[in-house]
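One structure, pasted below without further comment.
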Amino acid sequence: MKIGLRRPLAEPVEVSTAAEHAVAIAEHPWPHATSSRQNLVTRAGELLVGPRHVYKRTHRAVSVDRVLAWIETWPGSTWQQRWMASGAESQGRGWLDSAGPFILATFPAVRSLQAARLAAADGLKMLLCLRLLRPGYPFLITCHFRGTYEYLQQLIDPRFFAEANTIGHEQGIREDHRIQAVNHICRIIVHTGRDPRQLRPEDLLAYRAQILPDRHLNCLNVAWELLRETRVFPADTMSLRDARKQGQLSIAQLVDRYEVQSPAVREVLIRYLTTRAASIDYSSLMALVGNLVGVFWKDIEQHHPGIDTLHLTPAMAQAWRERALLRKRAQDKGTKRLDHYPMLFLVRSFYADITQWAMDDPYWADWVAPNPVRAEDVRGAMKHKRHRQARIHQRTRTLAPLLPQLVHSVETRLADIEQLYAAASRTPAGETFAVNDEQFERIQTKQDVGVGRLCGSGRLRVVRLSDGQRLDLTQDEDEAFWTWAMVETLRHTGVRIEEMLELTHLSLTTYRLPDSGEVVPLLQIAPSKMDTERVLLISPELAHVLARVVHRVRQGQEHIPLVTRYDHNECVVGAPLPHLFQRWYGTERRVISPGLVKRLLELALTRLALRGPNGELLRYTPHDFRRIFATDAVSAGLPIHIAAKLLGHLDLNTTQTYAAVYQDDVLRHHSAFITRRRAERPSEEYRQPTAGEWDEFQSHFTRRKVELGTCARPYGTPCRHEHACLTEMILEWAIVSLDAIR
């Protein structure tokens, strides 16, 4: 499915309630809303939809007459006002319990309550086709108007609906999804009174906002795409999923989420954050707001209501520092934070910046206050950082040797699932087959078979006969493939998780070496955390993985589908690109989310059940692959500055924190260094010493010990202890002499 070009996120849509809708239509009635009852009955009989037999047309007219008679009993100057006054909107399907008895009592030809209810339902369907009434969305969703939306497609711009169905068929959208999408469009047409080519993106957003709290809207994104592909929506309209994103909030909106009570302090915080925002990215800005406003100042206001100054007493500052050591989330409230120093540094920098800025800007002079975070409060940060780094290195040393087991596990599972999938595909539903000495039976659910004109979802399901477990092979094969692709990509490249998900078909390029003329494949990594673009050499193993990913995403098409990606860190929607890590989510294609990467990795580790030296279950995070990659590269002899380039680090110190160096690596590299240095010196310098030279060497140290005693000073230099060594020798001699005299 094609995706539109990027544009700014849609403005929030004001959703009207049922009462507001009733007032609006009362103020702006449409022309035929005041038509006479007889005129409407005549028009209903002339509708060229459904069966054209005289009996059927007469039945439709009679049904309209009976339901209009019931609506006439309610007050109002238009049919819509009377309909709203009846209360049918709030009753849902229960409106028939009010209209049915009235029709049964009023029209003698109706001989049963069931017939009266059917007449009311048929009459309301025809009134919707006449576009006389405009019920609310909840009513239209709750009451199933079977056949009504097909009639509307014939009466209202049939060319549009034919074009929409053709586009949906060409793009491979399932028939049941197309039908549901068109039904969504018909409900919006009925409610708004607009023709399909007059609809706007705001109409679908309002429809979604009113219905979503009570039910899940399937295929609404398909309706959105059909309206965009039929050029009803502008060409640069983004997808429905992207249009629902709020985008980046302003600094004032970020601060106001914490409901700061003091207006003066709120203004200071906004002004300070605005100044800092120029030098940091949006994700860092959100973290700064969360710690400075949420963790620091909101906590101060909760414990000291009415405070409107940054000047904290020593007792207030001490109490906050003690509270800052504890977590506040509901699931781990009261437990100690693993690392509270970054938060302390942010608050300390906040007060220090205000003091510094006050020298240039008089505005800040009134807010200069003693810093609540003292120097001694953050003095242990470096020690804590070293301990934390040691734990991370130990974790890397533990996980690195076990990585081949994880790789083998995901490869084996993918091969097994693909073998089972292929065997099940060749087996008719209801029959059994064997794979690796296990018996399976292929099954189909009602959704797979489909009812009437709804074709099924086509999912491949089997039952393992040994234990009766049902397997959804469509889902299992998809998850197994992407788990394997993610693990292989992460371990062969060492990229960050967001960098992996940002890979596109355009990232694959080639380079001709100037000296040999050899053409090598390269993987271009888009700027992410450090805004530093870099390229990686594609190994044969990685080339195999990327080739399979491209083949899977392309699905026999000439090009990879273009999809947009929402950056959860920056809260922006990217341009439509041929992303490699994309898959089907229901009825639309999306770029794989970081949450899915972590979930699939967690499932793979749960099946493998890796255990560490202490017997506890081990867990890999996507960032662990990056640390293992750095450690393996440096341990294999790759220079640290080259490893920094591959990882996208601007500082070699950062790369050193990633590389967990083993003790045997230190000894091996030191020995190789000594050997290399010896090879550069003349060989005669490393001959065996003669007996005379060895005696002279030993006598040298004997004389040194006699002269220096226990001092560790160079030979031939004056003693800094003013003959302390000689004094010690005299004292020892005196003690020995006294013992001999005694």
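Pull out all pairs, ordered by first then second residue, where Cβ-Cβ is under 6 Å, the residues are six or more apart or on different chains, the first lies in segment 388-411 and is within 18 Å of residue 607 (Cα to Cα), and the second is assigned to a helix (DSSP H, G or I) and not hydrophobic (A, V, I, L, M, F, W, C).
Short answer, once both residue conditions are applied: 399/624; 410/483.
If you don't mind, there's one more thing I want to ask. Could you say whether any residue in segment 162-181 is more than 30 Å from residue 556 (Cα to Cα), in contact with a Phe, Trp or Tyr (Cβ under 9 Å, 6 or more places away or on another chain) and hydrophobic (A, V, I, L, M, F, W, C)?
Step one: list which residues in segment 162-181 are more than 30 Å from residue 556 (Cα to Cα), which gives none.
Within segment 162-181, not a single residue is more than 30 Å from residue 556 (Cα to Cα), in contact with a Phe, Trp or Tyr (Cβ under 9 Å, 6 or more places away or on another chain) and hydrophobic (A, V, I, L, M, F, W, C).
Any chance you could count how many residues in segment 610-648 are within 16 Å of residue 404 (Cβ to Cβ), modelled with pLDDT under 85 and surrounded by 15 or more Cβ atoms within 10 Å (Cβ to Cβ)?
Looking only at that region, the number is 1.
Let me ask another. Suppose we filter 222, 289, 293, 255 for residues that are crowded, with 21+ Cβ neighbours inside 10 Å, touching a strand residue (DSSP E or B) at 6+ places or on another chain (Cβ under 9 Å) and not hydroxyl-bearing (Ser, Thr, Tyr); which single one remains? Lay out the reasoning, then the answer.
Values: 289 fails: touching a strand residue (DSSP E or B) at 6+ places or on another chain (Cβ under 9 Å); 293 fails: touching a strand residue (DSSP E or B) at 6+ places or on another chain (Cβ under 9 Å); 255 fails: touching a strand residue (DSSP E or B) at 6+ places or on another chain (Cβ under 9 Å).
Just a single option satisfies the conditions, and that option is 222.
Still on this structure, I have one more. Scan (1) within 27 Å of residue 570 (Cα to Cα); (2) more than 32 Å from the chain's Cα centre (by Cα) for the single condition residue 327 breaks and write down its number.
That leaves (2) as the condition not met.
Another question about this same structure. Only one of 597, 634 is within 22 Å of residue 503 (Cβ to Cβ), assigned to a helix (DSSP H, G or I) and among the hydrophobic types (A, V, I, L, M, F, W, C). Can you tell me which?
Checking each option against the conditions leaves just 597.
Which pairs do you get when a residue that is hydrophobic (A, V, I, L, M, F, W, C), found in segment 464-476, comes within reach of a residue that is surrounded by 11 or more Cβ atoms within 10 Å (Cβ to Cβ) and assigned to a loop (DSSP other than H, G, I, E, B), reach meaning Cβ atoms under 6 angstrom, with the pair 6+ apart or on two chains?
That search, which allows pairs on different chains as well, returns 473/460.
Out of curiosity, is residue 116 in the same structural domain as residue 100 (by TED's automatic domain parsing), part of a helix (DSSP H, G or I), touching a Pro at 6+ places or on another chain (Cβ under 8 Å) and farther than 19 Å from residue 221 by Cα?
On the way: in the same structural domain as residue 100 (by TED's automatic domain parsing): yes; part of a helix (DSSP H, G or I): yes; touching a Pro at 6+ places or on another chain (Cβ under 8 Å): yes; farther than 19 Å from residue 221 by Cα: yes.
Yes, satisfied.
Restricting to segment 574-609, give me the number of residues that are closer than 22 Å to residue 410 by Cα and at pLDDT 90 or above.
22
Within the set of pairs 6+ apart or on separate chains, which have a first residue in segment 248-277 that is closer than 11 Å to residue 289 by Cβ, a second that is surrounded by fewer than 19 Cβ atoms within 10 Å (Cβ to Cβ) and of a type in the set (S, T, N, Q), and C-beta atoms under 7 Å apart?
Listed by first residue and then by second, the contacts come to 251/274.
Further question on the same structure: Considering only segment 300-311, how many residues are surrounded by fewer than 17 Cβ atoms within 10 Å (Cβ to Cβ) and either in a helix (DSSP H, G or I) or assigned by TED's automatic domain parsing to the domain that holds residue 570 (or both)?
Narrowing segment 300-311 to residues surrounded by fewer than 17 Cβ atoms within 10 Å (Cβ to Cβ): 302-309, 311.
Restricting the remaining residues to those that are either in a helix (DSSP H, G or I) or assigned by TED's automatic domain parsing to the domain that holds residue 570 (or both) gives 302-303.
Selection size over segment 300-311: 2.
The values are calculated or read from the model by the stated rules, or taken from the named source; none is laboratory data. Given the structure is predicted, the values throughout are model-derived calculations rather than measurements. Note that we place each Cβ from the backbone using ideal geometry, even for glycine, and neighbour counts take in every protein chain shown.
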